[in-house]
Amino acid sequence: PNDRPEDESERGLRVSDRGFLNTAVIESSITYIDGDNGILRYRGYPIEQLAAKSSFLECAYLLIYGSLPTRAQLSYFEPEVLNHGVMHADAAGFFRAFRYDAHPMAILTSAFAYLGSYYREANPSLQEYLHEWCKGGPGCTSEHGQADFRLIGKATTLAAMAYRVRQGREFVVPPTGMSYTESFLFQLDHLSHSDAFPTTLTSGGATYRPHPVLVRALDILFILHADHEMNASSTTVLQTGSSLPDPYSAIAAGCASLYGPLHGGANEAVIRMLVSIGSPENVPEFLAAVKRREKVLSGFGHRVYKTSDPRSFIIRKVADEVFAVTGADPLLNTAMALHDAALKDAYFVSRKLAPNVDFWSGLIYRAMGFPMDFFPVLFVVPRVVGWLAHWRQMMLSPEGVKIWRPRQIYVGPSERPYVPLEERQ
Ligand code: ACO
């Protein structure tokens, strides 16, 4: 204590970095982005290869534990995650307490915090359980090592419950014998395109099997959305996690951050924008309004990418595969006209504004029949994996966890005397 400077100003440099443009908050070995060259890798593997060859749960394993799973590891991990999809029957009461028209993100954000109330390790005063959980990976026999499985497994169930409660429908118990994304679509049970694939599965009264092209499309979208290094919501999870609350609360905080239109709400904003443009001939007028700063070109621009987001190319291809099953979205022509015009326009070129992951994803979700306010939920479900990977990495870092407590540059008044109520003007 003796060598601590008494005057705060002597404690070193204080940097003002609005929006954290140049602030690195953590050392990480999870995801690599080269924004100038449009490169994205999970644990060193190019996103293009993972999207082409991997499954979402394989990528989940990779992101959280650092390597692609062996066959034996996958055959342990996958059923653990899927088996943990089942929610306690009491949870039905929690979901039914929401208004019939509640936004699904409001329900889901609350549901993650609520989930913590079921587990003993989710009590911040029991810190030994927190650390035990972080260490527990596949093969861990500790009950508390199972919580990765719980959060990934239950993300789809909570999302499906948030979906169905608004329709006044019974909840569906996650089926067996289906992949992660197929099980999710099955629980939602809303896709008219699925009729061609009837099955004998009868859980919750449903009688269909989701279309395999749509299942694979959603799996790829989940892979692409699983992580993206220090985006706003992952940073929020770490910021929240740094004061050592339970991870369910940290993930609820991440969910709230993702909800915003500048982050996970952007794909919904893209559809609203396309609907407002109406048809390709209105594109020039819309772009002129963007340049006058009256409108935002949603689905374009990124803090890190100064060229096209590599995920946008993969998604564009997935969109065509989905449209081949569902029929093309009538907004597609407007989207293509807008995309092509913006990429040729000096205003957007000079600012290095190119399509991001959200430009095409909303069109796919719409074609698959999802309501617009459910789009951010479809982002949260896979991003739970990235949040967990970052949270676990921070908790297990050899230096230990340091609370994230930034400083500010104070610009308010200097000391002034208190003014009694009757003398205030
Ligand atoms: N439309 C019009 N102009 C834009 C856009 C846009 N979408 N994005 C950036 N610009 C302009 C800014 O006005 C600014 O211009 P100026 O220098 O003349 O003032 C310049 O481009 C630089 O942009 P910044 O705002 O500094 O970029 P920042 O890194 O802060 O913001 C963000 C990134 C929030 C993603 C922004 O590009 C944006 O709002 N895009 C639309 C929303 C969107 O698509 N979000 C999804 C992001 S991806 C994701 O979360 C999965």
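The values are calculated or read from the model by the stated rules, or taken from the named source; none is laboratory data. The shown structure was predicted, so the numbers you read here are calculated from the model rather than taken from an experiment. Note that we place each Cβ from the backbone using ideal geometry, even for glycine, and neighbour counts take in every protein chain shown.
Remarks
- Every test in (1) over 16 Å from the mean Cα position of the chain (by Cα); (2) within 15 Å of the ligand (Cβ to nearest atom); (3) within 20 Å of His211 (Cα to Cα) is passed by Phe375 save one, and that test is (1).
- Residue in the range 398-416 that is among the aliphatic types (A, V, I, L, M), exposed (fewer than 12 other Cβ atoms within 10 Å of the Cβ), in contact (Cβ under 8 Å) with a residue 40 or more places away in the chain and over 20 Å from Leu108 (Cβ atoms) present: yes
- Residues of the range 44-77 satisfying the condition of being touching a residue at least 40 places away in the same chain (Cβ under 8 Å) and aromatic (Phe, Trp, Tyr): Phe56, Tyr61, Tyr65, Tyr76, Phe77
- Residues that are out of contact with any Gly (no Cβ under 6 Å at 6 or more places or on another chain) and more than 9 Å from the ligand (Cβ to nearest atom), drawn from the range 261-274: Glu268, Arg272, Met273, Leu274
- Only helices (runs of 4 or more DSSP H) whose full extent lies in the range 300-370 are considered here, and the ones with at least 2 residues that are away from the ligand (no atom under 14 Å from the Cβ) and either touching a residue at least 24 places away in the same chain (Cβ under 8 Å) or within 16 Å of Leu218 (Cα to Cα) (or both) are 310-326, 332-344, 358-367.
- Qualifying residue in the range 394-416 (condition: at pLDDT 90 or above, assigned to a helix (DSSP H, G or I) and away from the ligand (no atom under 16 Å from the Cβ)): yes
- Within the range 233-249, the set of residues being modelled with pLDDT under 95 and among the aliphatic types (A, V, I, L, M) comprises just one member, Leu244.
- Looking only at the range 290-299, and only at residues there that are surrounded by 15 or more Cβ atoms within 10 Å (Cβ to Cβ) and part of a loop (DSSP other than H, G, I, E, B), the one that is farthest from the ligand (Cβ to nearest atom): Lys295
- Candidates Ala147, Ala155: the one that is at pLDDT below 90, within 24 Å of the chain's Cα centre (by Cα) and hydrophobic (A, V, I, L, M, F, W, C) is Ala147.
- Index of the failed condition, Leu224 passing every other in (1) modelled with pLDDT under 95; (2) assigned to a helix (DSSP H, G or I): (1)
- Counted residues, the range 378-393 - those being more than 15 Å from the ligand (Cβ to nearest atom) and among the charged types (D, E, K, R): 1
- From Thr235, Thr240, residue being touching a residue at least 24 places away in the same chain (Cβ under 8 Å) and in a helix (DSSP H, G or I): Thr235
- Complete set of residues in the range 331-365 that are of a type in the set (Lys, Arg) and crowded, with 22+ Cβ neighbours inside 10 Å: none
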